[in-house]
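Single-structure report; data block below.
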Amino acid sequence: MLENQPQEVNIRVQPEQPTLRIDRFLADHLPGVSRSYIKILIQNGKVTCAGKSVKASEKINPGDIITVQLEARPQPDIQPEKIALDIVQEDDALLVVNKPAGLVVHPAVGNWSGTLVNALAYHCNTLSSLSGETRPGIVHRLDKETSGLMVVAKNDVVHAALSQQFSEKRAGRIYQAVIWGIPALHQQKIESFISRNSRDRKKMMASAEGGKWAVTHLSVIEPFSTLASLCEFILETGRTHQIRVHSASIGHPVFGDSIYGGRKHGLGGLSQEKAIFTAKLLIEFRRQALHAK
């Protein structure tokens, strides 16, 4: 399904970069490339620093230039499915699709068919291979119940370039969401570590230490009385459930979010009439009110 050529990527370690293992550094700076593939590249001597092969456990230093030889990989046997795609932009290199809420991005346990990747396999002759066997073309992901724009790479050269642009903040990720209540600060920067919840492995949690560092910028666009606010979120990092976790961590979960308290959060403080109206709205609105622009 895919005929990609090897691609060389050079990443300079900036002075402000915290000390990390090389495998962790590459995972952070090539967000569209799977960790398992990074491990294979290192083991095969395709990752070098100053012309020398490196080990996964080696630490980076400011000024280092890490060179990665991204090799072409055979495409997996993803079953193409004729699923309608809302295509916003397409050319020979990539396409931008508007993913609807409820559509899973890639096949996994419990969702081996009916995904965005199955639809892409039907629509596209070629897709990139850098994200792993079950995620051809996928440079970044959205949660199942999050709607919005996704960029899809048709070859490995474009995929590597897009991943590097996201890492270096030359390409941004902007979202809009309706959250419960009105934040006291209409513009704020939310920072924390995000790690998996030890009591519920399906959930993530914000913490003062441990996990991965996450930074989210929030701006209130329009308040709706005191009940809710339409907000814009800009991500500096791309952690699992980042907006949903950070929004809940400041006491304003995303409206309709069943995992992080967004389905019941504000009902207690409402009049009976408004509480009934909002409860009916939540019954009809079965997902979190989060959209990627």
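Below, the figures for the structure above:
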{"item": "By average C-beta atoms within 10 angstrom, highest first, the peptides 194-206, 160-172, 142-154", "result": "142-154, 160-172, 194-206"}
{"item": "Within straight-line cross-link reach of Lys55, lysines at Cα separation under 21 Å, skipping those fewer than 8 residues along the same chain", "result": "Lys39, Lys46"}
{"item": "Mean-position separation - Cα centroids, the range 146-190 and the range 57-133, in angstrom", "result": "17 Å"}
{"item": "Ordering of 24-31, 124-131 by packing [mean C-beta count within 10 Å, highest first]", "result": "124-131, 24-31"}
{"item": "Reported label for calculated Kirkwood radius over Cα pairs in Å given (1) 21.9; (2) 19.9; (3) 20.6", "result": "(3)"}
{"item": "Mean Cβ neighbour count within 10 Å, used as a protection proxy, ranking 33-44, 78-89, 238-249, 173-184 highest first", "result": "238-249, 173-184, 33-44, 78-89"}
{"item": "Note, ³J(HN,Hα) from phi for the range 150-165, Karplus 6.51, -1.76, 1.60, rounded to Hz, x at Gly and Pro", "result": "10, 9, 10, 9, 8, 8, 5, 4, 5, 4, 4, 5, 5, 4, 5, 5"}
{"item": "Relative contact order for the range 7-70, counting Cα pairs under 8 Å that sit 6 or more residues apart, in percent", "result": "52 percent"}
{"item": "Lysines whose Cα lies under 19 Å from that of Lys203, excluding same-chain neighbours fewer than 8 positions away", "result": "Lys144, Lys212, Lys264"}
{"item": "Cα-centre dipole for the chain with unit charges at Cβ (Lys and Arg positive, Asp and Glu negative), debye to 20", "result": "920 debye"}
{"item": "Whole-number percent relative contact order across the range 87-168, with pairs defined as alpha carbons under 8 Å at least 6 apart", "result": "34 percent"}
{"item": "Estimated 222 nm signal from helices in the chain, with DSSP H stretches of n ≥ 4 weighted -39500 (n - 2.57), rounded to 500", "result": "-5500 deg cm²/dmol"}
{"item": "Vicinal HN-Hα couplings computed from phi for the range 79-90 (Karplus, 6.51 cos²θ - 1.76 cosθ + 1.60; Hz; Gly/Pro x)", "result": "6, x, 9, 7, 10, 4, 10, 8, 8, 8, 8, 8"}
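Coordinate-derived values only; no laboratory data. Model, not experiment: these values are computed from the prediction. Heads up, the Cβs are rebuilt from the backbone with ideal geometry, glycines too, and the neighbour counts pull from every protein chain shown.
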